[in-house]
Every structure is written in structure tokens, then in C-alpha cells.
Amino acid sequence: MSIQTSVRRIEKRQSKSTRRKTGETRVVFTIDRSVLLQLDHLVKRKVYPSRSKALQEALRGGLARANHARLATECAKLNPRVEQAFAEEGIATELAVWPEY
């Protein structure tokens, strides 16, 4: 099941009164107490305005790192010589049709 499907199912279960008009969705999960204490410390120091904002930022950062790592993994699979050949393959014909400046 995809994440989008899961989110849609959760949203359907929520009553209209719990849905937020900003496009946010309420999520409930379990968190280790020590992590929660660290999170609360950041909120208390006003690093983040709320637990929710702190968690959103942490999730965005984690997702960005995961996507970057995935991209790096896929790029590592590429053969530079083959990619260079593909890049240069059409250059000769493209140069012939480009107007001169």
C-alpha cells in the first residue's frame, strides 16, 4: 500500500472537525520517551514553535536525505563512458540545425 493511499484512508476516517483547512493531516504515532524529551526541550528553547512544526521539519529533512541517497545510489549505477556517448550522440546533428548567432 502506498503512502498516499494510507493518507487518504486516514483522511476519510477523520471527521470534518479534525481536518485542517491548511492541507495538514493529523497523524498519531508512538515515539520513544527520550526523543520526546529532546523534542520538548527544543520547543521550550523556542527553536521550534511547536512539537508539530519540529516533527515536520525533521521529517522533511529525513525525506530529503533519503531521496538524495536514492539518487546517489542510482547515479552510481551509471557508466560514465556510456552516458558521455549518449550525450555526444546527437550533438553533431543538433549543431547543424541550430541557427548562427
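The values are calculated or read from the model by the stated rules, or taken from the named source; none is laboratory data. These numbers come from a predicted model, not from an experiment. Here the Cβ is made from the backbone with ideal geometry for all residues, glycine too, and neighbour counts use every protein chain on show.
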Subject >> Counted residues, region 14-29 - those being within 16 Å of residue 52 (Cβ to Cβ) and either at pLDDT below 70 or polar (S, T, N, Q) (or both) >> reply: 7
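Residues are listed down the side, and each one gets a yes or a no for (1) touching a Lys or Arg at 6+ places or on another chain (Cβ under 9 Å); (2) aliphatic (A, V, I, L, M); (3) part of a helix (DSSP H, G or I):
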position	(1), (2), (3)
46	no, no, no
53	no, no, yes
58	no, yes, yes
63	no, yes, yes
72	no, yes, yes
82	no, yes, yes
85	no, yes, yes
Subject >> Residue count, region 62-91 (criterion: at pLDDT below 85 and small (Gly, Ala, Ser)) >> reply: 3
Original post:
modelled with pLDDT of 95 or more and of a type outside the set (Asp, Glu): does that describe residue 44?
Top reply: yes
